[in-house]
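What follows draws every value from the coordinates through simple rules; no lab data is involved. All values reported here derive from a predicted model rather than from experimental measurement. Cβ coordinates were reconstructed from backbone atoms using ideal geometry, including for glycine residues, and neighbour counts include every protein chain displayed.
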């Protein structure tokens with residue numbers, strides 16, 4: 001089983017623990033991730049509102065490169081996933097955009113036929129490889145660990161190919177397969193504030209506060225997410241949230257691939273627990289010890 005892998009910019013740096021754990025988990029399950037050669041930034045979600053055609057071209061270049069490989073393209077970043085998926089969808093729905101996109105791509109010797117889409121890494125992990133294969137690899141069940149599953153607002157909306165847009169369940173089932181307890185989390189698809197943390201911080205901090213408070217009130221030991229921006233907003237701004245709202249929340253925020261790697265008993269350097277701002281000691285670290 002082989003996939004073309006698009007890590008995206010965040011996984012190269014701030015979310016490197018997401019990248020290393022994703023690669024390690026797929027390898028442990030016998031799936032080969034082949035990194036897309038010469039990939040570029042997806043253009044991010046906000047850029048489409050500034051230069052739409054150019055944004056589609058930036059994203060479309062990756063799809064055109066991946067199309068040559070003839071394999072499913074997968075990415076761990078929810079922002080990359082929705083941007084690439086939007087380009088794929090719009091290309092196939094709007095002929096005028098299709099012509100403009102290929103006019104740009106033709107200028108650099110590329111052409112996109114609209115056959116290559118994109119999948120989030122959670123999708124093939126549970127739908128292709130499957131829960132049975134995952135369960136067979138569990139060496140250190142995450143017993144006693146209470147996890148709030150946070151999908152964020154992008155991997156199931158607006159594109160709903162692989163999970164329910166209002167009440168997604170695949171990460172919940174994965175967490176249970178790993179031996180942990182899923183904490184009911186009513187805000188599992190609420191927005192974390194996204195890039196508004198840099199433009200309207202008061203609003204973004206309130207959104208993060210609601211997400212953290214909901215998980216804490218439910219008794220979660222940690223939040224598990226699928227998105228680098230969500231992870232950063234929820235973890236890196238906890239001190240600001242506590243100061244702004246008079247709270248005392250200390251909630252680790254990890255990626256679902258880190259949980260999976262921990263349950264598989266994979267080496268700590270694939271999980272990179274020490275890279276987290278909010279300490280994981282006594283929680284995920286206890287499992288990996």
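So the values come out like this:
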item: Degrees, to the nearest 10: 16-28 long Cα axis against longest axis of the chain; result: 90 degrees
item: Residue-span extension gain [residue 131 to residue 249] - 0.36 nm each, minus C-alpha spacing; result: 39.2 nm
item: Mean separation of Cα contacts under 8 Å, 6 or more apart, over the residue count of the chain: relative contact order %; result: 19 percent
item: Sequence of 111, 13 once ranked by neighbouring C-beta atoms within 10 Å, starting from the fewest; result: 13, 111
item: Model label zone, residue 40; criterion: amide N under 20 Å from point 7 Å along Cα-to-beta-carbon; scope segment 1-28; result: 5-13
item: GNM top mover of 94, 18, 26 - the chain, alpha-carbon springs below 10 Å; result: 94
item: Computed lengthening from residue 51 to residue 99, 0.36 nm per intervening residue step minus Cα-Cα distance; result: 15.7 nm
item: Highest-fluctuation residue, 117, 60, 218 considered, GNM on the chain with Cα pairs under 10 Å; result: 218
item: Virtual spin-label span in nm between residue 166 and residue 115, 7 Å along Cα→Cβ; result: 3.8 nm
item: Amide N of segment 107-151 lying under 19 Å from the label point, which is placed 7 angstrom from the Cα of residue 268 along Cα→Cβ; result: 139-142
item: Burial ordering of 86, 239, 173, fewest other beta-carbon atoms within 10 Å first; result: 239, 173, 86
item: Distance from segment 100-175 to segment 12-56 (C-alpha centre basis), Å; result: 12 Å
